[in-house]
There are 2 protein chains.
Amino acid sequence: MNKILEQALLYDFYGELLTTHQKEVYEQFILDDLSLSEIAESAGISRQGVHDLIRRCQRALEGYENKLHLVERFLSVKEKVGEIGEILDEWEREKKNPEEIVGRIRRISDTIIEEL
Amino acid sequence: MNKILEQALLYDFYGELLTTHQKEVYEQFILDDLSLSEIAESAGISRQGVHDLIRRCQRALEGYENKLHLVERFLSVKEKVGEIGEILDEWEREKKNPEEIVGRIRRISDTIIEEL
């Protein structure tokens with residue numbers, strides 16, 4: 001996964017644990033894609049100050065994921081639900097062996113339940 | 001959901017954000033089902049101290065859920081995967097209308113992906 005997407009995902013999961021000020025600044029970086037200079041100007045702090053704040057936010061969000069692994073758990077579930085979608089696509093194309101299709105979906109849905 | 005199960009689920013999701021000492025004491029309460037007096041004795045603190053620590057842990061865990069709603073998101077996904085299981089059960093019993101079965105599973109898996 002690319003770094004920006006990963007950071008946006010971490011922010012989606014754990015962003016509410018940042019302070020209001022951190023969120024305001026970090027969102028301009030991660031969601032609005034502004035440059036450090038642009039954020040510095042709008043937030044009324046130095047470019048270095050923005051840089052440090054963003055690094056602190058990233059480390060905090062990564063720290064939450066290192067402890068909780070919830071993004072990892074969600075991505076695993078998402079991947080498995082995607083596999084169910086692919087099996088359904090296969091059925092739509094071939095319309096063969098519904099029993100086998102059902103068995104494969106059952107195995108995947110069972111592993112999802114075990115993980116949750 | 002009963003209160004004990006809810007608290008165990010919150011602990012499963014956010015417990016790693018508690019301190020080591022909080023985790024040691026809180027696990028005796030929530031996972032080992034010990035009484036306040038038993039925990040007080042083993043931890044070498046007063047019964048009131050155990051009571052206060054447990055309340056602080058509960059409030060912290062509830063605070064994380066109020067901000068992040070990740071238990072809520074997980075339970076919603078789990079419920080939907082359960083619905084897929086029921087549709088598969090129906091197929092196993094009746095072996096009718098595989099196309100309709102596939103369509104219903106597709107709709108549920110699409111809503112899961114949207115939520116994740």
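The values are calculated or read from the model by the stated rules, or taken from the named source; none is laboratory data. This structure is a prediction, so every number in the text was calculated from the model and none was measured. Cβ coordinates were reconstructed from backbone atoms using ideal geometry, including for glycine residues, and neighbour counts include every protein chain displayed.
Table: residues versus (1) hydrophobic (A, V, I, L, M, F, W, C); (2) surrounded by fewer than 19 Cβ atoms within 10 Å (Cβ to Cβ); (3) closer than 18 Å to A:HIS69 by Cβ.
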| residue | (1), (2), (3) |
| --- | --- |
| A:ASP12 | no, yes, yes |
| A:GLY15 | no, no, yes |
| A:THR20 | no, yes, no |
| A:GLU27 | no, yes, no |
| A:ILE30 | yes, no, no |
| A:ALA43 | yes, yes, no |
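Per-residue answers, yes or no, for (1) free of Cβ contacts under 8 Å to residues at least 40 places away in the same chain; (2) on the phi > 0 side of the Ramachandran plot; (3) within 25 Å of the chain's Cα centre (by Cα):
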{"site": "A:SER46", "(1), (2), (3)": "yes, no, no"}
{"site": "A:HIS51", "(1), (2), (3)": "yes, no, yes"}
{"site": "A:TYR64", "(1), (2), (3)": "no, no, yes"}
{"site": "A:HIS69", "(1), (2), (3)": "yes, yes, yes"}
{"site": "A:VAL102", "(1), (2), (3)": "yes, no, no"}
{"site": "A:GLU115", "(1), (2), (3)": "no, no, yes"}
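Residue pairs whose Cβ atoms lie under 9 Å apart, separated by 6 or more positions or on different chains, with the first residue in segment A:21-43 and in the same structural domain as A:TYR11 (by TED's automatic domain parsing) and of a type in the set (Lys, Arg) and the second modelled with pLDDT of 95 or more and assigned to a helix (DSSP H, G or I), are A:LYS23/A:TYR11; A:LYS23/A:GLY15; A:LYS23/A:GLU16; A:LYS23/A:CYS57. In segment B:32-41, the qualifying residues are those that are over 30 Å from A:VAL77 (Cα atoms) and loosely packed, with under 12 Cβ neighbours inside 10 Å, and the one that is farthest from the chain's Cα centre (by Cα) is B:SER37.
Considering only residues in segment A:61-94 that are facing another protein chain (nearest Cβ under 8 Å) and farther than 27 Å from B:LYS67 by Cβ, the one that is surrounded by the fewest Cβ atoms within 10 Å (Cβ to Cβ) turns out to be A:GLU92.
For segment B:95-115, a residue qualifies if it is touching a Leu at 6+ places or on another chain (Cβ under 9 Å) and facing chain A (nearest Cβ under 7 Å), and the qualifying residues are B:VAL102, B:ILE105, B:ARG106, B:SER109. Only a single criterion out of (1) within 14 Å of chain B (Cβ to nearest Cβ); (2) among the aliphatic types (A, V, I, L, M); (3) touching an Asp or Glu at 6+ places or on another chain (Cβ under 8 Å) is not satisfied by A:ALA43, namely (1).
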